[in-house]
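Here is the structure we will look at, set down as structure tokens.
All of the numbers you see were taken from the coordinates with simple rules; none came from a lab. As the structure is a computational prediction, the values presented were derived from the model and not from experiment. We place every Cβ from the backbone using ideal geometry, glycine too, and count neighbours over all the protein chains shown.
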């Protein structure tokens, strides 16, 4: 059995519409759902991570971490973020450690 939900649009007929005033809705919405401030799209990172895995195999996370560290040392912020996100795609723990180390470095 399929259920369809259609919310009432007037406060007179809906408890939810009474609670969700236009000002509250605007404040809750804030910005667009896809406006999350990421430098690179999830699709681009996923594709790059797969290509990197094809090149380096099971050492992909470590290799991405090394490249991120090299970019950080060279002062290349965008490349650092790129490789950090690729590293995160494989191993979140390594990515967190890399971020912790980057916070210790000035201006990161």
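Worth a mention:
- In plain terms, the bigger the Kirkwood radius, the slower the diffusion; for the range 42-104, with that radius from Cα pairs, at 4 °C and 1.567 mPa s, Stokes-Einstein puts D at 115 µm²/s.
- Burial order of peptide ranges 75-85, 93-103 (average beta-carbon count within 10 Å, highest first): 75-85, 93-103
- For the pair residue 46 and residue 103 in one chain, pulling the backbone fully straight at 0.36 nm per residue adds 18.0 nm over the alpha carbon distance.
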